[in-house]
Every structure is written in structure tokens, then in C-alpha cells.
Amino acid sequence: MLQHFDPNKDYGTPASLSETLITLEIDGVAVTVPEGTSVLRAAAEADINIPKLCASDNLEAFGSCRICAVEIEGRRGTPASCTTPAEAGMKVITQNDRLGRLRRNIMELYISDHPLDCLTCPSNGDCELQDMAGAVGLREVRYGFDGDNHLSAEKDESNPYFTFDPSKCIVCSRCVRACEEVQGTFALTIDGRGFKSTVSPGQQESFMDSECVSCGACVQSCPTATLMENNVIAKGQPEHSVVTTCAYCGVGCSFKAEMRGSEVIRMVPYKDGQANHGHSCVKGRFAFGYATHQDRVTQPMI
């Protein structure tokens, strides 16, 4: 059965626009989706959760993290569900002992080069890496921190709105892809190869030296605290959110005003906004101080 779209849920990959429907079986459940839909999204639409890190439904499938691996009847190996198109009659298994061990081993490698400072991390409680470590059942990391690592990488605090902490980067490329696919600025790239791969602001010294326009698409896409709003770092995670409309201009962009009490902590573009479709400019995302400015008009003047 086709599912209704939930704007507060991340389905992993973009929706297919095909009018042709196919039916496949995921964990014994018959799922009907448009042709071209990824296995990851088909499972999500049936409320079957497959762990993921590099996937997001506003970005094209990338297949780098391998956490979303599944088994498909009649096929060898464990393909990534985000890059595997659903096919009619396909039988998919998303959970078993083999997949569980594989996902834990992959997650163990991620955590072996990641700071273990969750209690003081600004994204504590809102971190996809943290969530996925729990989802795959990771309980220990056999690899020590000796040898090469990225734990001492210096922060880039040049941007007035957000901080880039490369020590927490898992090189999922979501920020690079968001800058390219969502904003179209191409300010970010992956510099180096293999273990030396790092996110680079256009191979410049800092974000402010690059072509970055501070739209915040990279910050919104980051699954860790690598890219984090300075306001969240200073004041903590928001407690609740309210869907609203940006008051800066007449476009009518929809936002979720994420708040702590009555104070706005951050503005997140609302995915179901018909004017902005989950994206925004720098003013809408970061310059929300007008919300509590003493000169703000709060009642009709006529």
C-alpha cells in the first residue's frame, strides 16, 4: 500500500516521479511504490527502518556509508539499499544476524576515529551517528586511538553563523552534496584520498575565504556535530518546534522555528514548504534576531 508523505521523516532518497507502480516484499511485508524508488525509501514508506548515515531524501543516493546494507533473495553480497532500485517481485531482508554484524563492524570503524565526548557535544540528543550506533547495537570498540587519526584537527570558526569541527567528520559527503545539489554553490569539496580525505571549503583556508554564501544547507545535512550552528553550541538543543513563515520577504518560505521555551534557538527550513521545499537563504536561516527585537511590529497598524 502506498504511504502518505510525512514532512518530518527522512525517507533516505528522493521520491520517484514514475506513474508505474511495482510491488516488492520487504521483511515479508508487501510494499507498493513507484518504479525507480530505492529499496531504502520503499522500506521507509512501509515504516521499516534501515540504518543509514550518508543518505538523505533531499540528496541523490551516494552509497558511501554501507550502514544500509541489505540482503536480496537471489543476489550475492549485501548491496546498499540506498543505491539499489526496487524491482517487482524482489524479496528484501533488512534484519538478520549477518547484517547486524556487518553494520556493527562498520560503525565500529567510524567510532574508532571519532571523539567520545557525547555528553559535552553540542549535538548530543540530536546526532545521527549517535542514533545509528544505538540502532545497530554497538557496545564496544575494539580499535584504540593509537596511530593516525583526525581527533586533533582544528576547528574553523571563521563563519559567524556556524562552526566546522573536522575532528567529528565522518566524510559522508552530505555537506558537499547539499552545497552542490541543493544550493548549487559548489563551495565544498573532498580534499585528499583514502584516510586523508577531508571536507574542504573549496580548498581555501576557511569557509569565509571560500564561495560559501552561508545558506546553511551543509549544516542542516550534517549527521554529526561537524557543522553546527553557533547558537546551538552556545545555548543547547531546542526543546520544541513551531511551523511558521519567514518574515524577511514576500516569498513565503516555511520554517520550523526550533525553540527552548519562548526563545528561538534555530530556524530549520520546513521540508513541506511549497515556496522553499526545505531550503532557504542566509537571512531566513540565521538572521532571526528580529523575532524578539524591541522595534518589531506585532499588531496590525491599520
Using all Cα-Cα distances in region 39-185, what percent lands in each 5 angstrom bin from 0 up to the longest? 2, 8, 16, 19, 20, 15, 11, 6, 3, 1, 0
Over 18 Å between Cα atoms, which of K155/K256; K9/K271; K256/K283; K168/K196; K235/K271 qualify? K155/K256; K235/K271
Solvent-free Debye scattering, log10 I(q)/I(0), computed from the Cα coordinates of region 177-302 at q = 0.21 Å⁻¹: -1.30
Throw me the Rg/Rh for region 147-229, computed over C-alpha atoms with Kirkwood Rh, two decimals. 0.93
Once you keep just the Cα pairs under 8 angstrom separated by 6 or more residues, what percentage relative contact order results for region 154-302? 18
Length gained, L109-I93, 0.36 nm per residue minus C-alpha separation, equals 3.4 nm
Between 0 and 90°, nearest 10: helix 97-111 axis offset from the chain longest Cα axis: 40
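May I ask what percent, to the nearest 5, of DSSP beta bridges between residues of region 5-143 are antiparallel?
Numbers: 10 of 12 bridges.
Roughly 85 percent of the beta bridges in region 5-143 run antiparallel, per DSSP.
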Compute, for the chain, the length of the dipole vector about the Cα centre, with Cβ point charges of +1 (Lys, Arg) and -1 (Asp, Glu) only. Units Debye, rounded to 20. 220
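What percentage of all Cα-Cα pairs in region 57-133 are separated by more than 20 Å? Kindly include the intermediate steps, with their values, before the conclusion.
On the way: 1296 of 2926 pairs.
In whole percent, the long-distance tail amounts to 44.
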For H150, H240, H293, give me the order by solvent-accessible area with a 1.4 Å probe, most accessible first, ignoring ligands, DNA and RNA. H293, H240, H150
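For the chain, what does the helix formula give at 222 nm: sum of -39500 (n - 2.57) over DSSP H segments with n ≥ 4, over the residue count, nearest 500 deg cm²/dmol?
Working: 7 runs with 50 residues, N = 302.
So the calculated ellipticity at 222 nm is -4000 deg cm²/dmol.
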On a C-alpha basis, how far is the centre of region 212-289 from the centre of region 65-138 in Å? Whole number, if you could? 28
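Measure off, as a whole percent, the carbon and sulfur share of the 1.4 Å-probe accessible area of the chain, all protein chains present. Mind showing how you got there, number by number?
Details: 7880 of 16060 Å².
Taking all protein chains in place, the chain shows 49 percent carbon and sulfur surface.
What is the chain's relative contact order, in percent, from Cα pairs under 8 angstrom and six or more apart in sequence?
On the way: 560 pairs, mean separation 36.7, N = 302.
12 percent.
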Solvent exposure of the chain as accessible area per residue, Å², 1.4 Å probe: 53
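May I ask you to derive the FRET efficiency for S206 and A135 from their Cβ-Cβ distance with R0 = 51 Å, giving the value to the nearest 0.05? Before the final figure, lay out the partial values.
On the way: r = 35 Å, r/R0 = 0.68.
Result of the calculation: an efficiency of 0.90.
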On each of the three principal axes of the Cα atoms of region 6-115, give max minus min coordinate, whole Å, ordered largest first. 45, 31, 20
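The values are calculated or read from the model by the stated rules, or taken from the named source; none is laboratory data. For clarity, every value in this text was computed on a predicted model and none was experimentally measured. Note: ideal-geometry Cβ built from the backbone for every residue, glycine included; neighbour counts use all protein chains shown. Surface accessibility is based on the protein's heavy atoms, side chains included, excluding ligands, DNA and RNA. Shrake-Rupley method; radii C 1.70, N 1.55, O 1.52, S 1.80 Å.
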